Amino acid sequence: MSVIDTSNLVQFQSEARSLLNQTARERSSQPGAAAETAASGDRVTFGQSGSGAVTYTAGLQEGDLQSPYELLRSRLVALLQEQGVAMQIATGSGEIDIASLTPEEAQALVAEDGYFGVEQTSERIFQFAVGLAGNDPSMLDEILQGIEDGFAEAEQIWGGTLPDISYQTHDALMSKIDHWLEGAASA
């Protein structure tokens, strides 16, 4: 049984709460917000002093919240921007702006025939690895070691386990290498 590290989840939840509170503060500072809050908020009075009632509100109404995808995407974009990571990803036929990527576009990119799908990604890795080795089958051990080191590093970065698509890509890549070796042996 593996242990799940929830420290990132706790940090994400804390940052999400902070974003919601910031949104509530921004909305309450807009003109007319005080009158709207006073008209719609609950009132609580403590004691019998003459200070009057205090109005409070949750700040956000149902439907005001972003979808989980939008919240995660906006947080990821902000994090990447803070780290100076480019928001554009080259796809061979153009560039994709991560900040405006919709769930449908993301799904199309990782679909079977998508740019980041198993087939196209394994082909790019294969071409890179074999090209780096000078198309020399005697460099097989170095090629395989580089691939395994890359996947091991990715697993470490992801906390030990990659998404299933990564393992499918690895299997497809190994199949391409086997096919390449068979062709080289018969030549």
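Computed from the coordinates by the stated procedures, all read-outs in this text should not be read as laboratory data. It should be emphasised that the depicted structure is a prediction, and the values quoted were computed from it without experimental measurement. FYI the Cβ positions are ideal-geometry reconstructions off the backbone, even for glycines, and counts take in every protein chain you see.
At-a-glance table
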| item | result |
| --- | --- |
| Rounded FRET efficiency, nearest 0.05, which uses the C-beta distance separating Ala78 from Leu109 and R0 of 22 Å | 0.55 |
| Inter-probe distance in nm under a simple model that places probes 7 Å from Cα toward Cβ, at Gln127 and Ser93 | 1.4 nm |
| Gained length - Asp171 relative to Asp141, 0.36 nm times residue gap less alpha-carbon distance | 9.1 nm |
| Sites matching GluC sites (Glu not before Pro) across the range 105-178 that sit in DSSP coil, with at most 15 neighbouring C-beta atoms within 10 Å | Glu112 |
